[in-house]
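Asker: Below: one structure in structure tokens.
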Amino acid sequence: MKKRTLLLVAAFLFTFRLIAQEPPKVRFEKVSDEDLNMKTYPNDTTAEAVILYDEGTSYLKFDNNNGFMLTHDRFVRIKILKQSGVEWGNFRFSLYSNETNRDNLYSVKGTTFNLESGKVVKSELKKDAIFRERENKYWEAVRLSMPSVKVGSVIDLKYTITTNLMWNLRTWKFQYTIPVKWSQYQVVYPEFFTYNHSSMGYHPLLYAKKNQKRESLNDNNNSSYLSQTFDYAAKDVPAMKEEPYLTSLDNFTTQMKFELANSNFIPIGGEFKNYTTSWNDIAKQLKDNEGFGLQLKTTGFLDDAVTAITKGTTDEQKKLELIYNHVQHTMKWDGYKSAFTSKSIKKAYTDKTGNSADINLLLTAMLNRAKISALPVVLSTRENGMLSFTHATISDCNYVIVKADINGKPMLLDATEPNLQTGCIPFRCLNGEGHLVGNELSESVPLSNPKSIENAMVRLEIKDGKMTGTIEKRLSGLSAFDFRESVKTAGGKQEQFDKLKNSSTELDYLEYKYNNLDSLNQPVSITYKIAMKEGQDGDAGIIYIDPVLVNRHKDNPFTSPTRVYPVDFGVPFTEGYNMQLTIPEGYKAEGLPESKSFVMEGKGAQFLYQISQVENKIVLNLRFSIDKTQYIPSEYQALKTFYDLVVNKQAEQIILKKVSL
């Protein structure tokens, strides 16, 4: 992926700097008067809540009955400072759970402390406030709501999660959208296991330490092993702030992630096993996984359907489009994002519904049955965070798309969206790189789309002080998808048009015509008849006209003076605008805006503004283009300035002056 230095992500090198900083002495349900009386957090007086203390421990221990077990303990204390912060009394965490393995939740204890009439009132968490719900085949969600949470509350919560799944060593976040006063995490595991440690984020850790000691394997024999302990801490961590055009806050959150690389029991008579040492290893594992590669090995049941779909067609591109269209409109996505199927693709095809893996592995299989080269690509969606650049990880992948090759040309496909044109993937998938799962080897796949284009042609005239005209628009790429989705969401063409009419403050939309809504590989064509809501006085000496009626950038989205995180537009796009205004009789153009063009260094963003008068018509040609999808923080000021210039230029008016007879 380009500009990998965007993220401060690196394999953690255990040459640690030690800081003379003792952890605060905080005990569960022992709340200080200072915490109870706190009105604002000194380090961030705007904070709606603050995490005062967050302590976690994850450790592997040998159990005579169950073998090695992984235990995760957490104790967190939160102060509520504003009404909007009351939501921090609600918690949610995920537990792995399928037919054979599951995480177990134990010892959930919680207390809310409030000062009422000078006295401390305690409210304990009840079991009926803890809910479990099935997310998908592999995961459950646990939700709980702390009692009596209000402004001024202090919340204490602790819980324990155990599992026999060694790969499920939990990520620890030191940073949230509220500030954190203190956070510490300890990880302990024996020498038989190797985990990749990855630090992420922009806020530095206060310390990171590693220690080793010899421990007994169990109480009944003299076998021992070397135990490794890793301690991490962060202090006074600022809140993460949402900014425009971010992939996901999680990409920039200070945190530690862990991935099981291998296990080595040879010293005690066992075996060595690799897990995630490389993407090639992962590809080999996925090839034989029941919820992935094995689904592509028994696909003969699709032959009759593929033959019927492609009957009479020999062109590969046309075959691909027919199969893609069939899967796209036959299957209904259930909304679940997953890298693994929830059932066999045969059953999914029968049920006509499935998750992202069910649908796109089915698409892969159908293309292959039609002799079209197609392979699945695993990825992490934007809201799920980017994949690590330092080591291979399947646990962070939560989605599957398809890469097909037509006449040597690669094409990315996703059949979960019925309004998406062939060769586009949804915006949620535009997140760095995915990884191709081939027969033996894997390769990185840039997650990109064709340029999104929106062109508008506007014809205007003024009669009796009333401006009327037409707007014609052509949309392609994700712009076309977004419009088709808006029609679908509204309930139809008329409903979408009515919504547009009712929401418009400057234009009266009188008539509409939408073409190619169902022809997904054609641009959407839109025509409106319009009139200005506020007309000019028919005898006005001067008429002021805003020439940019659609696709106008009225405000700069980049308002912060500085930017810590990269700007990510996701997809390149172009907005074209052509306006022709017929000058009414008795008037002349007093002055036209100056033609201008702005180009950012490197030509990643361009703006063209050309205006002229030809006989009795004023013609404006405008082009706004973002060709580079990512901008690092050092480029932020230039991008912000570019948008300022665009906003100011598009706000300039045309002035028509009445001619004296």
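The values are calculated or read from the model by the stated rules, or taken from the named source; none is laboratory data. These numbers were taken from a predicted model, which means no experiment stands behind them. Note that we place each Cβ from the backbone using ideal geometry, even for glycine, and neighbour counts take in every protein chain shown.
Asker: Six or more apart or on different chains, Cβ atoms under 9 Å: show the pairs whose first residue is in region 474-488 and under 15 Å from ASP498 (Cα atoms) and whose second is aliphatic (A, V, I, L, M) and assigned to a helix (DSSP H, G or I).
Answerer: Between residues of region 474-488 that are under 15 Å from ASP498 (Cα atoms) and residues that are aliphatic (A, V, I, L, M) and assigned to a helix (DSSP H, G or I), the close pairs are SER486/LEU500.
Asker: I'm trying to understand the selection: among the residues of region 240-251, which are under 15 Å from TYR202 (Cβ atoms) and either modelled with pLDDT of 95 or more or of a type in the set (Ser, Thr, Tyr) (or both)?
Answerer: The answer is THR247, SER248.
Asker: Given (1) outside the structural domain of ILE394 (by TED's automatic domain parsing); (2) of a type in the set (A, V, I, L, M, F, W, C); (3) closer than 30 Å to SER344 by Cα, where does ILE268 come up short, assuming only one miss?
Answerer: Failing condition for ILE268: (3).
Asker: Now, a different point. Could you check region 589-617 and list, in sequence order, the residues that are in contact with a helix residue (DSSP H, G or I) (Cβ under 7 Å, 6 or more places away or on another chain), at pLDDT below 95 and aliphatic (A, V, I, L, M)?
Answerer: MET600
Asker: Please verify whether SER503 is in the same structural domain as GLY570 (by TED's automatic domain parsing) and within 26 Å of ASP334 (Cβ to Cβ), treating the condition exactly as stated.
Answerer: Here the answer is no, as SER503 does not meet what is asked.
Asker: Which helices (runs of 4 or more DSSP H) does region 239-344 wholly contain that include 3 or more residues that are loosely packed, with under 13 Cβ neighbours inside 10 Å?
Answerer: 303-309
Asker: Here's another thing I want to ask about it. If you go through region 158-180, how many residues are closer than 24 Å to THR40 by Cβ and surrounded by fewer than 20 Cβ atoms within 10 Å (Cβ to Cβ)?
Answerer: Final tally of qualifying residues: 1.
Asker: Closer than 15 Å to GLU652 by Cβ, surrounded by 15 or more Cβ atoms within 10 Å (Cβ to Cβ), over 35 Å from the mean Cα position of the chain (by Cα) and at pLDDT below 95, is that true of LEU620?
Answerer: Considered against the rule, which asks whether it is closer than 15 Å to GLU652 by Cβ, surrounded by 15 or more Cβ atoms within 10 Å (Cβ to Cβ), over 35 Å from the mean Cα position of the chain (by Cα) and at pLDDT below 95, LEU620 comes out as no.
Asker: Taking the condition of being in a loop (DSSP other than H, G, I, E, B), free of Cβ contacts under 8 Å to residues at least 40 places away in the same chain and among the polar types (S, T, N, Q), how many residues in region 498-553 meet it?
Answerer: Number of matching residues: 5.
Asker: To continue, here is another question. Evaluate the following for LEU363: is it more than 25 Å from the chain's Cα centre (by Cα) and crowded, with 22+ Cβ neighbours inside 10 Å?
Answerer: no
Asker: Can you name every residue in region 632-652 that is at pLDDT 95 or above and either outside any helix (DSSP H, G or I) or outside the structural domain of TYR587 (by TED's automatic domain parsing) (or both)?
Answerer: ALA651, GLU652
Asker: Here are some residues: SER107, SER117. Which one is touching a residue at least 12 places away in the same chain (Cβ under 8 Å) and at positive phi?
Answerer: SER107
Asker: Quick one: which strands (runs of 3 or more DSSP E) lie wholly within region 44-154 and hold at least 2 residues that are of a type in the set (Asp, Glu), under 33 Å from the mean Cα position of the chain (by Cα) and modelled with pLDDT of 95 or more?
Answerer: By residue number, 49-63.
Asker: Any idea which residue in region 554-588 is nearest to LEU249 (Cα to Cα), counting only those that are of a type in the set (A, V, I, L, M) and part of a loop (DSSP other than H, G, I, E, B)?
Answerer: VAL564
Asker: Still on this structure: For GLU461, indicate whether it is surrounded by fewer than 17 Cβ atoms within 10 Å (Cβ to Cβ), of a type in the set (D, E, K, R) and farther than 30 Å from ALA404 by Cβ.
Answerer: yes
Asker: Looking at this structure, is SER344 hydroxyl-bearing (Ser, Thr, Tyr), in contact with a strand residue (DSSP E or B) (Cβ under 7 Å, 6 or more places away or on another chain) and not assigned by TED's automatic domain parsing to the domain that holds LYS488?
Answerer: It is false that SER344 is hydroxyl-bearing (Ser, Thr, Tyr), in contact with a strand residue (DSSP E or B) (Cβ under 7 Å, 6 or more places away or on another chain) and not assigned by TED's automatic domain parsing to the domain that holds LYS488.
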